[in-house]
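A.B. asks: Right, I'll just put the structure down here and ask away after.
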């Protein structure tokens, strides 16, 4: 139950005569002087000694036009408070004495456009149109009881639509009239309970925040456990990461020798100070660059929209960020000529099995290019990763999701547009490498657990 629903429930109980006890000695209100008007049947049961009337027959509406000032006349300081139909209790101040609404007894304000209800026990100036001022008929209706009645009957009216007038929807509502003394006791009980509703609202908000955050936090915890070697058990018979690391190095040297990838300068040795957390003995820390080769899309004027041509027999597709974000290689309608591709863009070609990564705005979204893709290149907002054959891509991308995004956002220093970190920084990141069989088990366990996080999101 939301705080708003709880408050409405308390007021509804009050209007049904269930909030305080009835006292036989308390006389019913005298309705003989109330203007006669056919009253709608009340929509709920009330005690026998209670009366029923229209809201508009037990209140006096006070014209507010003469006390009204324009928004441009509001001051931040002044002699007289300005009250409008906004959520703010006092919206400004005014020094014009002629606009002051003076009243001996408290009144209730109803925002005809906003449905805001306010109890006012001080003189004030009216701010803007839509402010309706009500006085209850003496000895029939308590002003605070009227306030809570209006709040109850206006619940949900803000959703009626547009900048409409709302009083017309409630003026003919049947109003329960308890004995006047009982009205006072009802108001006292409501005001005793409302601070508890406020406390409930604070707790409810914290719970809502927790519920909204919990599925994502749970997902992050699962992934963090995975890369720390805490998600599945280690099995000695599966060997060590050292064997896998040697296989990756051999594959890389072979591709360098064949001229398929470039030889890069040696990477710095991994120091104890760099290691962010402990991993199992059978695992190994490896630098990001050792898993494959990485290429960002064409820089600046090397690829612009002016170079794009309609799709044709000899055109080459330009893959975009949305291909990575939406995990769909078929999206996109940008193409370049085969001639320009062969002249300047061959180094940016993407193949089946390559991983493309979104590099700006929505960073770190990855997609493994499927078989039989259109011949194409990456654009400026993509990075291409060509991983070694021995690298188990689902595990590598798991690490990528957990660590790279966090570091990328951190390195962007709070700018509006987040970007993939510079290559030198990116290649130096540490990856916790488990034995290959354990990588498969980790990914299988994650695929088993993450649907539960998704279900929690839907429930919340």
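The values are calculated or read from the model by the stated rules, or taken from the named source; none is laboratory data. Please read these numbers as outputs of a predicted model, since none were measured by experiment. Heads up, the Cβs are rebuilt from the backbone with ideal geometry, glycines too, and the neighbour counts pull from every protein chain shown.
A.B. asks: Residues to consider are 33, 18; find the one that is at pLDDT below 80 and either farther than 13 Å from residue 184 by Cα or outside any loop (DSSP other than H, G, I, E, B) (or both).
C.D. replies: Criteria check complete, one pass: 33.
A.B. asks: I would also like to ask the following. Take the residues in segment 209-233 that are touching a residue at least 12 places away in the same chain (Cβ under 8 Å) and surrounded by fewer than 14 Cβ atoms within 10 Å (Cβ to Cβ), then tell me which one is nearest to residue 281 (Cα to Cα).
C.D. replies: Once the filter is applied, the top-ranked residue is 216.
A.B. asks: Next up: Let me spell it out: the conditions are (1) touching a helix residue (DSSP H, G or I) at 6+ places or on another chain (Cβ under 9 Å); (2) surrounded by fewer than 18 Cβ atoms within 10 Å (Cβ to Cβ); (3) on the phi < 0 side of the Ramachandran plot; (4) in a loop (DSSP other than H, G, I, E, B), and residue 184 meets all of them except one. Which number is the exception?
C.D. replies: Looking at each condition in turn, residue 184 falls short on (4).
A.B. asks: Continuing with this model, one more query. Right, residue 86: closer than 15 Å to residue 110 by Cα, in a strand (DSSP E or B) and in contact with a strand residue (DSSP E or B) (Cβ under 8 Å, 6 or more places away or on another chain) or not?
C.D. replies: no
A.B. asks: Could you tell me whether residue 115 is under 19 Å from residue 146 (Cα atoms), surrounded by 19 or more Cβ atoms within 10 Å (Cβ to Cβ) and touching a residue at least 60 places away in the same chain (Cβ under 8 Å)?
C.D. replies: No; evaluated as a whole, the condition is false for this residue.
Condition check ((1) at pLDDT 95 or above; (2) surrounded by fewer than 16 Cβ atoms within 10 Å (Cβ to Cβ); (3) under 40 Å from the mean Cα position of the chain (by Cα); (4) under 27 Å from residue 428 (Cα atoms)) across all residues:
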{"position": "270", "(1), (2), (3), (4)": "no, yes, yes, yes"}
{"position": "292", "(1), (2), (3), (4)": "no, no, yes, yes"}
{"position": "315", "(1), (2), (3), (4)": "yes, no, no, no"}
{"position": "335", "(1), (2), (3), (4)": "yes, no, yes, no"}
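A.B. asks: Which condition number does residue 287 fail, the rest of (1) over 20 Å from residue 399 (Cα atoms); (2) at pLDDT 90 or above being met?
C.D. replies: (1)
A.B. asks: Okay, next question. So is residue 125 surrounded by 18 or more Cβ atoms within 10 Å (Cβ to Cβ), without any contact (Cβ under 8 Å) to a residue 60 or more places away in the chain and touching a helix residue (DSSP H, G or I) at 6+ places or on another chain (Cβ under 9 Å) or not?
C.D. replies: yes
Here's the yes/no breakdown for (1) in the same structural domain as residue 388 (by TED's automatic domain parsing); (2) more than 28 Å from residue 255 (Cα to Cα); (3) without any contact (Cβ under 8 Å) to a residue 12 or more places away in the chain:
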| position | (1), (2), (3) |
| --- | --- |
| 296 | yes, no, no |
| 305 | yes, yes, no |
| 312 | yes, yes, no |
| 316 | yes, no, no |
| 323 | yes, no, no |
| 326 | yes, yes, yes |
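A.B. asks: Sort through 456, 398 and tell me the only one that's assigned by TED's automatic domain parsing to the domain that holds residue 350, under 30 Å from the mean Cα position of the chain (by Cα), assigned to a helix (DSSP H, G or I) and modelled with pLDDT under 85.
C.D. replies: 398
A.B. asks: Name the pairs whose Cβ atoms lie under 8 Å apart, with the first residue in segment 250-268 and closer than 13 Å to residue 293 by Cβ and outside the structural domain of residue 294 (by TED's automatic domain parsing), the second surrounded by 12 or more Cβ atoms within 10 Å (Cβ to Cβ) and modelled with pLDDT of 90 or more, and 6 or more positions between them or separate chains?
C.D. replies: Between residues of segment 250-268 that are closer than 13 Å to residue 293 by Cβ and outside the structural domain of residue 294 (by TED's automatic domain parsing) and residues that are surrounded by 12 or more Cβ atoms within 10 Å (Cβ to Cβ) and modelled with pLDDT of 90 or more, there is no close pair.
A.B. asks: Name, by its number, the condition in (1) under 27 Å from residue 13 (Cβ atoms); (2) in a loop (DSSP other than H, G, I, E, B) that does not hold for residue 122.
C.D. replies: All conditions are met except number (1).
A.B. asks: For residue 245, which of the numbered conditions (1) surrounded by 13 or more Cβ atoms within 10 Å (Cβ to Cβ); (2) not in a helix (DSSP H, G or I) fails to hold?
C.D. replies: With (1) surrounded by 13 or more Cβ atoms within 10 Å (Cβ to Cβ); (2) not in a helix (DSSP H, G or I) applied to residue 245, the lone miss is (2).
A.B. asks: Being more than 17 Å from residue 182 (Cα to Cα), outside any loop (DSSP other than H, G, I, E, B) and assigned by TED's automatic domain parsing to the domain that holds residue 192, is that true of even one residue in segment 44-54?
C.D. replies: Scanning segment 44-54, I find at least one residue that is more than 17 Å from residue 182 (Cα to Cα), outside any loop (DSSP other than H, G, I, E, B) and assigned by TED's automatic domain parsing to the domain that holds residue 192, so the answer is yes.
A.B. asks: Let me ask something else. Pick out the one residue from 259, 300 that is more than 35 Å from the chain's Cα centre (by Cα), at positive phi and at pLDDT below 90.
C.D. replies: Just a single option satisfies the conditions, and that option is 259.
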